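Report on one structure; see the data block that follows.
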Amino acid sequence: MKTSDTLVALAVQFTSLSLVAFGGANAVIPEIHRQAVDAHHWMTNEDFTALFAIAQAAPGPNFLVTTLVGWKAAGLPGALVATAAMCGPSCVLTFWVAKAWDKYRETAWRSAIGAGLAPVTVGFVCSSAFVLVRAADTGWRLVAVSAASAAVAYFTRVNPLWCLLAAGALGIVGLLS
Amino acid sequence: MSARPTAWALFVTFFQIAVSGFGGTLPFARRTLVDRRGWLSAEDFTETLSLCQTLPGPNVVNMSIVVGARACGWVGSVCAFAGLVGTPVVVVITLGLLYNRFGGLGVVRHALVGLGASASGLVVATAGRMAEPLLRSRAAVAAPFILAAFAAVALLRLPLPWVLIVLGPLSIAVVWVWRRRA
């Protein structure tokens, strides 16, 4: 595929995802994975897992995995196009809706929209967890690392960075392969 | 909002939130905006967050847009957004370059395999934390839609926008009727 075609594909994909990413980027991970790995073959499953891990471990908002997917697909222009496409439409929408929101704060329909979208969003985030675990956990030791990280993050208030660091260290000393 | 922040203050504050927010920025956003700067009360923060969660897009990014807009209009939004996203984009691209250059090395691969497993576990926990209050307060109307969305996207691998277009309005309608009855 030509670079310009890839850039167009990135722009189209992330612009549409931007407007359906209720609950943030984690909700659209399955779709990003489907497009990047299965549909366009921009990267392997292993690459996707590594890039997601990098985005999680780096400082900043978690949606930066889109920057890395764009970068892997089409270099620096791809990274910028993917980031702008992921943020642009939802930011413009947010800007305008924020004004109206303050006006309709107390209405029943406003809160019904929020309450109705919530379970669908949760279903999407569960899907993300499923897709990521399946891509990452290629052996029982890795399943154990995922389970331990999930338990620590769910039951405690420990900074999740410690889980990532510990898992990385276990990997480096060769306990996970 | 107690003090009206300037565009520059918005940029600096969201930059601070971005660079301290390892593994998710939301807790740092709360600490900075509410406790340290006092730009939002605790209630304001929760309400603004619920707005940002109702809208599509990354929550913290939406929050930068809203907080910026309330302070200085669209200039404020642009400054807050630039502060939040600019530096992290440079950082992840640098890390991506390093991955391309050194990703084949055994030690890097081993570290990333562990990181990937842990990062995916963290998303499991996020899913659990998001599901818990819904299942506690209204399992009967929420659980079917959680399961349906999961089955459609994770198991059947249907395109997410279509799933949302079908399930979203349905779920909103069910909540609406359910609240009328209650």
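Computed from the coordinates by the stated procedures, all read-outs in this text should not be read as laboratory data. Because the structure is a prediction, the values reported are computed rather than measured. Note that we place each Cβ from the backbone using ideal geometry, even for glycine, and neighbour counts take in every protein chain shown.
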Practice problem: Would you tally the net charge around A:SER149, using a Cβ to Cβ cut-off of less than 15 Å, leaving A:SER149 out, and scoring K and R as +1, D and E as -1? | Solution: +2
Self-check item: Protection-proxy order for peptides B:70-77, B:115-122, each taking the mean of Cβ atoms within 10 Å per residue, highest first
Solution: B:115-122, B:70-77
Quiz prompt | B:LEU97-B:ALA143 FRET efficiency (beta carbon distance; Förster radius 41 Å; 0.05 resolution) | solution = 0.40
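Averaged over peptide A:132-141, how many Cβ atoms belonging to another chain are found within 10 Å of each residue's Cβ? Each step should come with its number before you reach the end.
Values: counts 8, 6, 2, 3, 11, 5, 3, 2, 0, 3.
That average works out to 4.
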Self-check item: Descending semi-axes in whole angstrom, ellipsoid equivalent of region B:1-102, from the Cα gyration tensor
Solution: 25, 14, 13
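Suppose only helical runs count, i.e. DSSP H with n ≥ 4. What mean residue ellipticity at 222 nm does that imply for chain B under -39500 (n - 2.57) per run, divided by all residues and rounded to the nearest 500 deg cm²/dmol? Before the final figure, lay out each step's value.
Numbers: 6 runs with 143 residues, N = 182.
Taken over chain B, the calculation gives -27500 deg cm²/dmol.
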Self-check item: 222 nm mean residue ellipticity, helices alone, for chain A (DSSP H n ≥ 4; -39,500 (n - 2.57); rounded to 500)
Solution: -26000 deg cm²/dmol
Self-check item: Inter-chain shielding of B:129-137 (mean C-beta neighbours from other protein chains, 10 Å cut-off)
Solution: 4
Exercise. Take chain B, connect every pair of alpha-carbon atoms lying under 10 Å apart with a spring to form a Gaussian network, then pick out the residue of B:ARG36, B:ARG109, B:ARG157 with the largest mean-square fluctuation.
Key: B:ARG157
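Just to verify a number: FRET efficiency for B:ASP44 and B:THR87, C-beta to C-beta distance, R0 = 22 Å, to 0.05? Please report the intermediate quantities before stating the final value.
Working: r = 26 Å, r/R0 = 1.19.
FRET efficiency, B:ASP44 to B:THR87: 0.25.
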Quiz item: Relative contact order of region B:1-102: what whole-number percent is it, with Cα pairs under 8 angstrom and at least 6 residues apart?
Solution: 37 percent
Quiz prompt | Spread of Cα-to-Cα distances over 10 Å intervals beginning at zero, given as percent, for chain B | solution = 8, 26, 28, 28, 10, 1, 0
Exercise. Check the straight Cα-Cα distances from A:LYS72 and name the lysines below 16 Å, setting aside those fewer than 8 residues away within the same chain.
Key: A:LYS2
Quiz item: Each residue of region A:88-104 in order: what ³J(HN,Hα) in whole Hz does its phi give by Karplus 6.51 cos²θ - 1.76 cosθ + 1.60, θ = phi - 60°, with x for Gly and Pro?
Solution: x, x, 5, 5, 4, 4, 4, 4, 6, 5, 4, 5, 5, 4, 4, 7, 9
Exercise. For A:PHE22, list long-range residues whose amide hydrogen, built 1.01 Å from N in the peptide plane, is under 5 Å from its own amide hydrogen.
Key: B:GLY57
Self-check item: Kirkwood hydrodynamic radius of region A:3-118, Cα pairs, Å
Solution: 15.1 Å
